[in-house]
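The numbers here are math on the coordinates, done by the rules we state, and not lab data. Since this is a predicted model, take the numbers as computed values, not measurements. So basically every Cβ, Gly included, is an ideal-geometry build from the backbone, and we count neighbours across all protein chains shown.
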Amino acid sequence: MGIPDIVKQVAKNEAVEPAKLARAVADGLVVIPYNPVHSPDPQGMGQGLRVKVNVNIGTSPDHADLEEELEKTRIALKYGTHALMDLSIGGNISEIRKAIIKECSVPLGTVPIYQAGLERARKDAIVNMTEDDIFNSIEAHAKDGVDFMTVHCGVNRESIEKLRSAPRVTDVVSRGGAFLTAWILHNDQENPLYANYDHLLDLAREHEFTLSLGDGLRPGCIFDASDQAQFTELMTLGRLVERARKAGVQAMVEGPGHVPMHQIESNVALEKSICKGAPFYVLGPLVTDIAPGYDHIVSAIGGAIAAMAGADFLCYVTPSEHLSLPTIQDVKEGTIASRIAAHAVDLARGKDMELDMEMAVARRELDFDRQFKAAMDPDKAVDVRENRRPAHEDTCSMCGDLCAIKTVKDYLRGEK
């Protein structure tokens, strides 16, 4: 069998050998989320590839504006996201999802249990969801063209018992994890996504979507990081990764939320070991809890550390995290913060160095127009410069004629 065209395209974009990439995909070390119904620009996440960034958007019960979510989609794409997730829980979720899929040129992910839980809650209560509610939602998302889905299969009776005995501060902060934790405890039954995992694999194989094995028991604060509940869930996900590979289904693993800096490297190493090199998709990690309004920076710090340790896919965090539904501006700032973290790691690995060289040369030449073109956010750079115009066009208003580059260039380069 020949190498699929989408693998060839990713190989070309990543400057790797197509055959080598095809082997990595076959071995489960790389995923290329690609539902033929959507047919996005192919993106690869995993071993040997650039670090990728995901942007979350979506409505809430308090604010459901489709046009705003479409503009968030456009902004995320403009500033270089590699994937998008629609986490809508307000308004007509199905119609919102279909509209975003049409607007989105990169792989799109969802969390189908949100819709299953919301629709059941409108009738009576989330804990009264049926297995059919859950799996019908997954199939509906797949038929619409969703490329990857977060499924909290590791939230099971075993991990919840560890949660009961763990002295956690924040208990469960994952929305999907909370739905399933409450469902299991109320119904005294096993998580349908875990108990009927083979059916989930059948759906994924039939509709060609990638599993993103969710971290429903991720730590919600620094003090809950690296506890028994988190690692019990991770051990379960490791077994489920192997079952997905045997079934011919692509799977990546989602990672912890709040983790202090000194524990990030070991968390990544543990995931890579337990999950046999499966691509690691991390939310943050957030390295401190006390910076509301600046959590995009907190996340970028943790994301850079995680990616240097081997994480493959960074889920952005916006300044609104823990506070409110993100605005369009928040989406922009969160996207760029995570892009900076991802690029910094790629640069350290010798990738895309020409981008920084272009900026360095432009700065040496005091060519500000060229600097703007080389910037990750040209509009921001222009706005900052225009906000305080320099007296001389070939310097900035920080140093003026005392510009270090200008002074040394005149003499060192013999141009004076």
Practice prompt. Kindly write out, for the stretch 93-108 in residue order, the coupling ³J(HN,Hα) from the Karplus curve 6.51 cos²θ - 1.76 cosθ + 1.60 (θ = phi - 60°), rounded to whole Hz, with x marking Gly and Pro.
Written response: 4, 5, 5, 4, 4, 4, 5, 5, 4, 5, 7, 9, 9, 10, x, 10
Item to complete: Could you line up 100, 328 from fewest to most neighbouring Cβ atoms inside 10 Å?
Response: 328, 100
Worksheet item: When the Karplus curve 6.51 cos²θ - 1.76 cosθ + 1.60 is applied with θ = phi - 60°, which whole-Hz ³J(HN,Hα) does each residue of the stretch 168-176 get, with x for Gly and Pro?
Response: 7, 8, 10, 6, 10, 10, 7, 4, x
Item to complete: Hey, can you grab everything whose amide H is under 5 Å from the amide H of residue 320? Only 5+ residues off in sequence or another chain; H modelled, so Pro and N-termini drop out.
Response: none
Discussion item. What would the Debye equation give as log₁₀ I(q)/I(0) for the stretch 1-131 at q = 0.12, 0.14, 0.19 Å⁻¹, counting only Cα atoms as equal point scatterers?
Written reply: -0.56, -0.71, -1.02
Practice prompt. Collect residues whose amide H, placed 1.01 Å from N in the peptide plane, falls under 5 Å from the amide H of residue 53; neighbours closer than 5 in sequence don't count.
Written response: 82, 83, 314
Item to complete: Within the set of other residues whose C-beta is less than 14 Å from the C-beta of residue 221, count the net charge using Lys and Arg as +1 and Asp and Glu as -1.
Response: -4
Item to complete: Within the stretch 217-256, find all residues whose amide N lies under 18 Å from a label point positioned 7 Å from the Cα of residue 322 along Cα-to-beta-carbon.
Response: 218-226, 256
Discussion item. Kirkwood hydrodynamic radius, the stretch 224-382, all distinct C-alpha pairs: what's the number in Å?
Written reply: 17.2 Å
Worksheet item: Nearest 0.05, what FRET efficiency do residue 121 and residue 206 give at R0 = 41 Å with Cβ-Cβ as r?
Response: 0.90
Worksheet entry | Where Rh is the Kirkwood radius over Cα pairs, Rg/Rh for the stretch 5-348 | 0.93
Worksheet, complete the sentence: Computed ³J(HN,Hα) along the stretch 119-135: with the Karplus parameters 6.51/-1.76/1.60, θ = phi - 60°, integer Hz and x for glycine or proline, the list is 5, 5, 5, 5, 8, 8, 8, 4, 5, 9, 3, 9, 4, 5, 4, 5, 6
Worksheet, complete the sentence: With 0.36 nm assigned to each residue of separation and the Cα-Cα distance removed, residue 128 to residue 412 gains 94.7 nm
Worksheet item: How big, in percent, is the set of alpha carbon pairs in the stretch 353-412 lying more than 19 Å apart?
Response: 31 percent
Worksheet item: What are the residues whose amide H is under 5 Å from the amide H of residue 286, where those residues sit 5 or more places off or on another chain and H is modelled from the backbone?
Response: 258, 259
Discussion item. Can you give me the C-alpha center-to-center distance between the stretch 1-50 and the stretch 216-236, rounded to a whole angstrom?
Written reply: 31 Å
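Cβ under 9 Å from residue 395's Cβ, residue 395 left aside: what net charge do those residues give with Lys, Arg +1 and Asp, Glu -1? All intermediate terms of the calculation are to be shown ahead of the outcome.
Values: positive: 406; negative: 393, 394, 401.
Counting the neighbours of residue 395, the net charge comes to -2.
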Discussion item. If I take every Cα pair under 8 Å that is 6 or more residues apart in the stretch 141-218, average their sequence separation and divide by the length, what percent do I get for the relative contact order?
Written reply: 56 percent
